Amino acid sequence: MPKLHLITYGCQMNEYDSERVAGLLKADHYELCDKPEDADLILLNTCSIREKAEDKVFSQLGALKGLKKARPDLVIGVMGCMAQLQQGRIQERAPYVDLVFGSPAIARVGQLVGRVRQGERQVLDTGEGALVKLTAKPDAASRLKAFVTVMEGCEKHCTFCVVPVTRGRERSHAPAAIVDEIRGLAASGCREVTLLGQTVNAYGRDLDPPTDLASLLELVDGVEGIERIRFTTSNPYNLTTRLIRAIRDVPKVVEYLHLPVQSGSDRILARMHRGYTVARYLELIDEIKATVPDIALSTDIIVGFPGETDADFAETVDVVERVAYDNAFVFRYSRRPGTPAADMSDQVSDAVKAERNAVLLEVSGRVAAQQSRRLAGRVLPVLVDGVSRKDAREASGRTRCNRVVNFDARGRGLLGAVVPVQITEVLPHSLRGALAEPVGAAL
Ligand code: SAM
């Protein structure tokens, strides 16, 4: 049996795509292996969102060069966003890469590898492809949680972002195909799905007839065996009252929303082309909190976007304190080729970016710790998904509002069940608890 080694960088969508590729290559008898040295085919599924992500791939390719030299029949491929963005430049820099293909070509992976095997040199496929719902999975893929891509692409054209270039225009998968995929996952033991899209809350408007994410959530809620439904990433521009109410009313939907704000300054938001003001964002946050009181909120923030002054940054800090996020992902602005912000003349220095990054991490960490305290003493339903990382004798799971809870050993036998856990302690990055009812009753 030929062996495939997959290295995945970047977002959850890439993790999903990697599984599809492993599943598709099963038809050519490839089986997954853990070590590159054992592989006949190595695929790097790449990310372009920041320059650092691309640097990592080139350094990984450098590390694989020796392997290719020792075994010329080893096939090395680069797929995903970086393939789409850098195209032929990858093979210019690393000529021993046999194959480069973008996400629209995933469905053709078997054919592409076949062309390399037949002796074709430097195969490149970064063309468009029809939207196909791929559901192929590798043999080992049965698990409690799974990602499900519900739409591809992005049409927002934020001035900092490469996604519209790397993933093309917005295209939604049909609700029936998504529900079918989730039924299959549930039948193989999956209990939690995360619906993925670059702007997942724009789901369905391109379909005929058009639909929306709230309606999709209701359909997925009807799938027997699924206990929890998450979705990411939402854009404030497309957030509707209907979706906010669905978070409250659709029973299996988690009370958690990732809502990237990117900046707390109207001037910067306009330069980013985000399509909302700070006041509008905060209005949405108020509506969310009023509708779903237990909601957990997280966000993405870019520091050091071109032209960001100390005053702009201070407004971002204010927003973080005002919203009181449970988690904030802070990124230093990275200049991406082909995006409008890369050509803006007032780029911010690395030193200032580093300083703002540190300040924001401190503030968001403090705010998140305060937020967690609200859960102390409560009894919350927890989906048991494994053993605690800190103490293998303990069980681990997540609350509906997205907090990791480690709790007593009796929980370890309850994998996949939703059990009531009394929160006894709030730690910096997790909660500690104890099963609130005898194990029999919990089941
Ligand atoms: N589509 C989502 C949105 O726009 O809200 C998020 C997609 S992106 C994969 C995840 C995050 O990476 C963004 O929310 C943004 O904060 C960050 N990001 C994107 N481009 C960036 C850049 N050029 N430099 C730094 N961070 C960036």
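Answer with yes or no whether Lys133 is part of a loop (DSSP other than H, G, I, E, B), more than 19 Å from Glu54 (Cβ to Cβ) and within 16 Å of the ligand (Cβ to nearest atom).
Here the answer is no, as Lys133 does not meet what is asked.
Taking the residues in segment 6-38 that are within 19 Å of Ala107 (Cβ to Cβ) and among the acidic types (Asp, Glu) as candidates, determine which candidate is most open to solvent (accessible area, probe 1.4 Å).
If we take residues in segment 6-38 being within 19 Å of Ala107 (Cβ to Cβ) and among the acidic types (Asp, Glu), then Glu15 is most open to solvent (accessible area, probe 1.4 Å).
If you go through segment 171-201 one residue at a time, how many are within 30 Å of Glu308 (Cβ to Cβ) and away from the ligand (no atom under 11 Å from the Cβ)? It would help to see each step written out before you state the result.
Filtering segment 171-201 down to residues within 30 Å of Glu308 (Cβ to Cβ) leaves 196-201.
Now narrow it down to the ones that are away from the ligand (no atom under 11 Å from the Cβ): none.
Total meeting the criteria: 0.
Just for segment 317-335: of the residues that are within 12 Å of the ligand (Cβ to nearest atom) and closer than 29 Å to Thr399 by Cβ, which one is surrounded by the most Cβ atoms within 10 Å (Cβ to Cβ)? Give the steps one after another, and end with the answer.
First pass over segment 317-335, keeping only residues within 12 Å of the ligand (Cβ to nearest atom): 328-335.
Among the residues that remain, those that are also closer than 29 Å to Thr399 by Cβ are: 328-331.
Details: Ala328: 23, Phe329: 13, Val330: 19, Phe331: 19.
Out of the qualifying residues, it is Ala328.
Just to be sure I understand the filter: pairs with C-beta atoms under 9 Å, separated by 6 or more residues or on different chains, first member in segment 235-251 and among the hydroxyl-bearing types (Ser, Thr, Tyr), second member in a loop (DSSP other than H, G, I, E, B) and within 16 Å of the ligand (Cβ to nearest atom). Which pairs pass?
Going by the 9 Å Cβ cut-off, the qualifying pairs are Tyr237/Lys156; Tyr237/Thr199; Tyr237/Arg274; Tyr237/Gly275; Tyr237/Tyr276.
Every residue, every condition in (1) within 13 Å of the ligand (Cβ to nearest atom); (2) not polar (S, T, N, Q), yes or no:
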residue	(1), (2)
Val254	no, yes
Ser263	yes, no
Arg267	no, yes
Gly275	yes, yes
Tyr281	yes, yes
Glu287	no, yes
Leu297	no, yes
Thr309	no, no
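Test Pro164 against the criterion of being free of Cβ contacts under 8 Å to residues at least 12 places away in the same chain and either within 14 Å of the ligand (Cβ to nearest atom) or in a helix (DSSP H, G or I) (or both), and give yes or no.
Here the answer is yes, as Pro164 does meet what is asked.
With the requirement that a residue be open to solvent by 70 Å² or more (accessible area, probe 1.4 Å), away from the ligand (no atom under 16 Å from the Cβ) and touching a residue at least 24 places away in the same chain (Cβ under 8 Å), what does segment 39-86 give you?
Result: Lys65, Lys69, Asp73.
State whether one or more residues within segment 338-346 are surrounded by 18 or more Cβ atoms within 10 Å (Cβ to Cβ), in contact with a strand residue (DSSP E or B) (Cβ under 8 Å, 6 or more places away or on another chain) and among the hydroxyl-bearing types (Ser, Thr, Tyr).
Checking segment 338-346: not a single residue is surrounded by 18 or more Cβ atoms within 10 Å (Cβ to Cβ), in contact with a strand residue (DSSP E or B) (Cβ under 8 Å, 6 or more places away or on another chain) and among the hydroxyl-bearing types (Ser, Thr, Tyr).
This table checks each residue for (1) on the phi > 0 side of the Ramachandran plot; (2) out of contact with any Gly (no Cβ under 7 Å at 6 or more places or on another chain).
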| position | (1), (2) |
| --- | --- |
| Ala324 | yes, yes |
| Asn327 | no, yes |
| Gly338 | yes, yes |
| Ser349 | no, yes |
| Val359 | no, yes |
| Val363 | no, yes |
| Arg366 | no, yes |
| Gln371 | no, yes |
| Val382 | no, no |
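The values are calculated or read from the model by the stated rules, or taken from the named source; none is laboratory data. This structure is a prediction, so every number in the text was calculated from the model and none was measured. Virtual Cβ from ideal backbone geometry, glycine too; neighbours counted across all protein chains shown. In case anyone asks, the SASA skips ligands and DNA or RNA and just uses the protein heavy atoms, side chains included. Shrake-Rupley method; radii C 1.70, N 1.55, O 1.52, S 1.80 Å.
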